[in-house]
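Asks: The structure follows.
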Amino acid sequence: LLCIALIMACSCAHSKDNVSEPLLLLYQAALEYDANFGAEVFDQEARYERLSLARSRLRPHLTLKANAAYNSQVIEYDNAPPFFQSGHHNFSSNTVGIQITQPLYRKERFEAYRQGKVEVRQADTLLAIAKQQLILDVGRHYFNVLLAQDRRALVDAEKSANSTLLIHAKRGFEVGSASITDVQEAQARFDLSASEAIDARKHLSIALRALATLTGVEPGWIPSTHRLGPSQESPQTSMDWAALASKNNLGIHLAIEALEIAKLEIGRTWGRALPKLDLVISYEATNASGSNFDTGIDTSNNRIMLEANVPIYAGGAVKAKLKQKRAEYRRAQRKLTAAQREAAFQVEEAYLAHESGGHRIKALQQALLSSQTSSTSMQRGFELGLRTAIEVLDSQRQLYAAKLTLAEAQYGRLFDYLRLAAAAGQLSVKSIHYIDSVLN
């Protein structure tokens with residue numbers, strides 16, 4: 001696979017810091033590797049053929065027929081002239097014929113052809129939905145990896161700090177400046193951080209495995225350190241996003257297409273009860289070695305005819321079928337209303353999450369700054385003998401927790417942007433470029 005080969009080449013030929021658009025590369029690999037998306041591609045191909053099938057039923061049908069038969073006839077004439085001889089006649093015959101049938105009026109077939117056009121649009125919509133879902137899946141797993149990397153780095157840093165302070169506590173106990181309780185407390189915190197480091201490595205391995213399962217690539221080249229750039233504030237209001245969703249939301253498009261198909265199904269059902277008219281052109285030639293006249297016969301027959309078929313009564317099936325299709329049409333109307341309401345809710349929910357996420361990030365950045373100041377003060381106080389090692393550990397643990405919470409909020413806001421774009425029908429490769437530009 002070209003995309004996978006490209007990613008593997010990147011991992012071999014470049015350093016981790018040189019992968020400028022990792023999310024885009026992962027998405028391109030998932031397009032080729034993900035089995036669920038591959039199934040959607042073939043589903044689209046199969047749906048395209050429905051239009052070809054409907055078109056074929058409007059075109060001429062050509063039939064060639066031939067037979068070879070052995071005939072045994074018993075004929076009895078009543079009051080026939082002398083040359084009409086009754087009796088038993090055995091002979092063979094061969095027939096060759098060709099027939100062309102051109103439908104002239106078949107309402108159900110015309111409706112099926114129009115329905116096939118809608119189903120082609122529906123196939124495109126379903127594939128577009130699958131692409132959007134793939135972007136969301138890749139983005140979610142990618143953010144999980146980044147968050148797991150951040151957590152492991154912070155836990156390792158906390159473990160290292162606990163190790164250092166444990167050494168200080170032991171030395172202080174040896175010289176009499178710290179109690180055995182301080183040493184035991186420092187030891188307990190170091191052991192806890194060690195267990196958390198094991199858990200962090202486990203979560204990172206799971207996150208990497210989940211991403212590899214989706215993309216088919218071992219993402220060891222993903223930078224373990226990155227800088228979150230400032231995300232752009234959307235100039236669009238909630239009303240603007242809602243207006244975009246009402247026009248472009250793929251769920252609404254799918255419901256509209258289902259409604260059109262349900263309406264055409266009513267026409268198809270009604271068309272089965274209407275007269276049908278076909279133009280039939282045929283030619284047939286027969287060669288028989290005998291007949292009731294005891295002589296061979298060669299015949300040919302050319303026909304051009306209009307063939308009408310008028311249904312009269314089908315046991316009430318048409319009426320029941322129409323009632324069923326009209327109920328399905330009303331159900332499709334309700335599904336469209338539900339899709340419109342769901343799209344409006346998705347936009348509002350994602351927009352509020354994205355906007356409140358921005359305010360929360362600002363508050364967390366201020367909290368991180370305060371935690372850094374507090375940790376620095378605690379460290380200085382410890383060096384001057386004014387603070388205990390346990391207090392330093394608590395301040396550093398609070399600092400690491402603030403960093404991890406901030407990273408989680410930043411990744412969450414980026415994913416909320418993807419959800420908002422998907423709800424408004426705007427999620428595309430351009431959105432992936434934006435995410436990669438923020439995670440530079």
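Asks: Taking all protein chains as present, what is the carbon and sulfur share of the accessible area of the chain, in % to the nearest whole number, probe 1.4 Å?
Replies: Working: 13900 of 25010 Å².
Ligands and nucleic acids excluded, carbon and sulfur reach 56 percent.
Asks: Between segment 329-392 and segment 119-134, what is the C-alpha centre distance in whole Å?
Replies: Centre-to-centre (Cα) distance: 33 Å.
Asks: How many Å² of accessible area per residue for the chain, probe 1.4 Å?
Replies: 57
Asks: Taking the alpha-carbon distance from K325 and a cut-off under 20 Å, which lysines remain once sequence neighbours fewer than 8 residues away in the same chain are dropped?
Replies: Qualifying lysines at Cα under 20 Å: K107, K117, K263, K335.
Asks: Could I ask something else about it? Relative contact order for the chain using alpha-carbon pairs under 8 Å, separation at least 6, rounded to a whole percent?
Replies: 24
Asks: Another question about this same structure. What does the highest-first list of 197-205, 116-124, 296-304 look like by mean Cβ count within 10 Å?
Replies: On the way: 197-205: 15.3, 116-124: 18.6, 296-304: 10.6.
Listed from highest to lowest mean packing, they are 116-124, 197-205, 296-304.
Asks: Which of the peptides 68-78, 207-217, 319-329, 141-151 is most tightly packed, and how do the rest follow, going by the mean number of other Cβ atoms within 10 Å of each residue? Don't skip to the end; give the middle numbers.
Replies: On the way: 68-78: 9.9, 207-217: 19.4, 319-329: 14.6, 141-151: 22.0.
Listed from highest to lowest mean packing, they are 141-151, 207-217, 319-329, 68-78.
Asks: I need the phi-derived Karplus couplings for segment 250-261: 6.51 cos²θ - 1.76 cosθ + 1.60, θ = phi - 60°, integer Hz, Gly and Pro marked x.
Replies: Running phi through 6.51 cos²θ - 1.76 cosθ + 1.60 with θ = phi - 60° gives 6, x, 5, 4, 5, 5, 5, 5, 5, 5, 4, 5 Hz.
Asks: Decide, for segment 21-149, between rounded, prolate and oblate: order the square roots of the alpha carbon gyration tensor eigenvalues as a ≥ b ≥ c, take rounded if a/c falls under 1.5, and otherwise choose prolate if a/b is larger than b/c, else oblate.
Replies: Note, shape of segment 21-149 comes out prolate.
Asks: Might you report the magnitude of the Cβ-based charge dipole of the chain about its Cα centre, with Lys and Arg at +1 and Asp and Glu at -1, to the nearest 20 debye?
Replies: Using Cβ point charges on Lys, Arg, Asp and Glu, the chain gives about 1220 debye.
Asks: Here are labelled values, (i) 252; (ii) 403; (iii) 135, and one is the computed volume of the Cα convex hull per residue in Å³ for what I pasted. Which one?
Replies: Computing volume of the Cα convex hull per residue in Å³ and matching it to (i) 252; (ii) 403; (iii) 135 gives (i).
Asks: Work through the residues other than L192 whose Cβ is under 12 Å from its Cβ and net out their charges, Lys, Arg +1 and Asp, Glu -1.
Replies: Values: positive: K159, R189, R397; negative: E158, E185, D191, E196, D199.
Summing Lys and Arg as +1 and Asp and Glu as -1 gives -2.
Asks: Add +1 for every Lys or Arg and -1 for every Asp or Glu among the other residues with Cβ under 15 Å from the Cβ of I304, and state the total. Intermediate values should be presented prior to the final figure.
Replies: On the way: positive: R303; negative: D278, E284, E307.
Its environment carries a net charge of -2.
The values are calculated or read from the model by the stated rules, or taken from the named source; none is laboratory data. On a predicted model such as this, the values are computed, not experimentally measured, just so you know. Note: ideal-geometry Cβ built from the backbone for every residue, glycine included; neighbour counts use all protein chains shown. Only protein heavy atoms, including side chains, enter the accessible area calculation; ligands, DNA and RNA are left aside. Shrake-Rupley method; radii C 1.70, N 1.55, O 1.52, S 1.80 Å.
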